[in-house]
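Structure first, then comments.
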Amino acid sequence: MHNLISSYGFPLLGGAMIGLAASLVLLTHGRIAGIAGLFGGLFLPGHDARPFRFWFVAGLVGAGLALSWVYPTAFSTSRTPSITVVGVAGLLVGYGTRLGGGCTSGHGVCGLCRLSVRSLIATMTFMVAGMATVFVANHLGGSQ
Amino acid sequence: MKSSVTAAGAGLLFGLGLGFSGMVQPAKVIGFLDIFGHWDPSLMFVMMGAMAVHFVLSRMIQRRDQPLFDSKFHQPATKAVDRKLVLGAAVFGIGWGLGGFCPGPALVTVASGALSAVVFVGTMALGMVIQHGVHASKTRGRR
């Protein structure tokens, strides 16, 4: 039972909180809660609503602070890829999310809820690309 | 003032959700993407939870004439399914599979002091700047 809650209950609860937060962003600021877009628009030229972006990202980081204080096991770092791999991954995620106009939240959660064809195609593409990458990494990298 | 509180509150709630959901654990994300190996389907429930709530609430919210602290709802300008969309999503997916981080969870994890998240957010910002630069030089070339 405990296993069932931690395996599916926590993801479901966390997901519901994410959905609620995205709804709050829409209700108060009328914006799509896409993290790559909100974060990038904070420092890339030609974007509006910088105070909103700043405070939203500050809230995200604040959540990390709160979690590491009351629920540090949320950040399990077991079997984390090496720093070099993570650095390259960040570069790809930054480039890709800006080129494709969204990430897991913008295209995945918000876009699919808006029944956007663009977001459906983007979501399927990054899911398949991610799965293919893990497959290749596990079989060629021999990490497992 | 009020709007910065709601913005920070939404970010906080979003971040706590990511923390509880398991999305901040790169190994778990990679396990979720490992459908040909030891597949861990639990993160699918994050998507289900988020969409169940947002699908309903976003429709109720958009019946309003305008949001609370802005004059209009900002919808994405582009509708086109083009090469940029697919290529960008593919590059993002490769990075997601390699590092196990997507943008939100990485920003939350930075606060835990994990070096990997700090490095990831740094190179992610760099990747965004590079993309912006490439895009800017391309549009200049077209003129």
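The values are calculated or read from the model by the stated rules, or taken from the named source; none is laboratory data. As the structure is a prediction and not an experimental result, all values here were calculated from the model. Cβ placement follows ideal geometry from the backbone for every residue including glycine, while neighbour counts extend to all protein chains displayed.
Please determine whether any residue of the stretch A:127-136 is more than 7 Å from every other protein chain (Cβ to nearest Cβ), over 21 Å from B:MET51 (Cα atoms) and either assigned to a helix (DSSP H, G or I) or not acidic (Asp, Glu) (or both). The answer is yes; a qualifying residue exists. On the stretch given as the stretch B:70-109, residues that are over 25 Å from A:GLY15 (Cα atoms) and either of a type in the set (Lys, Arg) or assigned to a loop (DSSP other than H, G, I, E, B) (or both) total 11.
Restricted to the stretch B:35-47, and to residues that are aliphatic (A, V, I, L, M) and within 7 Å of chain A (Cβ to nearest Cβ), which residue is farthest from A:PHE10 (Cα to Cα)? My answer is B:ILE35. From the list A:PHE39, A:PHE75, A:PHE54, A:PHE43, the lone residue that is within 14 Å of the chain's Cα centre (by Cα) and either surrounded by fewer than 21 Cβ atoms within 10 Å (Cβ to Cβ) or closer than 18 Å to B:SER116 by Cβ (or both) is A:PHE39.
When the stretch A:33-64 is filtered for residues that are more than 7 Å from every other protein chain (Cβ to nearest Cβ) and touching a Lys or Arg at 6+ places or on another chain (Cβ under 8 Å), the ones remaining, listed by number, are A:LEU38, A:GLY41, A:LEU42, A:HIS47, A:ALA49. On inspection, A:SER68 qualifies as under 28 Å from B:SER4 (Cα atoms), assigned to a helix (DSSP H, G or I) and not hydrophobic (A, V, I, L, M, F, W, C). State all residues of the stretch B:77-96 that are surrounded by fewer than 22 Cβ atoms within 10 Å (Cβ to Cβ) and either in contact (Cβ under 8 Å) with a residue 60 or more places away in the chain or more than 7 Å from chain A (Cβ to nearest Cβ) (or both); if no residue qualifies, say none. Of everything in the stretch B:77-96, those that are surrounded by fewer than 22 Cβ atoms within 10 Å (Cβ to Cβ) and either in contact (Cβ under 8 Å) with a residue 60 or more places away in the chain or more than 7 Å from chain A (Cβ to nearest Cβ) (or both) turn out to be B:ALA77, B:ALA80, B:ASP82, B:ARG83.
The set of residues in the stretch B:97-111 that are buried (at least 24 other Cβ atoms within 10 Å of the Cβ) and aliphatic (A, V, I, L, M) comprises B:LEU98, B:ALA106, B:LEU107, B:VAL108. Residues in the stretch A:1-31 that are more than 7 Å from chain B (Cβ to nearest Cβ) and either in a helix (DSSP H, G or I) or under 16 Å from the mean Cα position of the chain (by Cα) (or both): A:HIS2, A:ASN3, A:LEU4, A:ILE5, A:SER6, A:GLY9.
Residues of the stretch B:111-138 that are more than 15 Å from the chain's Cα centre (by Cα) and β-branched (Val, Ile, Thr): B:VAL118, B:VAL119, B:THR123, B:VAL129, B:ILE130, B:VAL134. Being loosely packed, with under 14 Cβ neighbours inside 10 Å and farther than 17 Å from B:GLY88 by Cα is the filter here, so list the residues in the stretch B:115-138 that pass it. Within the stretch B:115-138, B:LEU115, B:SER137 qualify. Going by what's in this entry, would B:MET23 be described as closer than 23 Å to A:CYS113 by Cα, surrounded by fewer than 24 Cβ atoms within 10 Å (Cβ to Cβ) and modelled with pLDDT of 95 or more? Taking the combined requirement at face value, the residue does not satisfy it. Among residues of the stretch A:61-72 being touching a Ser or Thr at 6+ places or on another chain (Cβ under 9 Å) and surrounded by 20 or more Cβ atoms within 10 Å (Cβ to Cβ), the one that is farthest from B:GLY127 (Cα to Cα) is A:LEU67. Residue pairs whose Cβ atoms lie under 6 Å apart, separated by 6 or more positions or on different chains, with the first residue in the stretch B:97-111 and on the phi > 0 side of the Ramachandran plot and the second buried (at least 24 other Cβ atoms within 10 Å of the Cβ) and modelled with pLDDT of 95 or more, are B:GLY100/B:PRO26; B:GLY100/B:VAL29; B:GLY100/B:ILE30.
Which is within 7 Å of chain A (Cβ to nearest Cβ), of a type in the set (Phe, Trp, Tyr) and free of Cβ contacts under 8 Å to residues at least 24 places away in the same chain, of B:PHE32, B:PHE14, B:PHE69, B:PHE73?
B:PHE73
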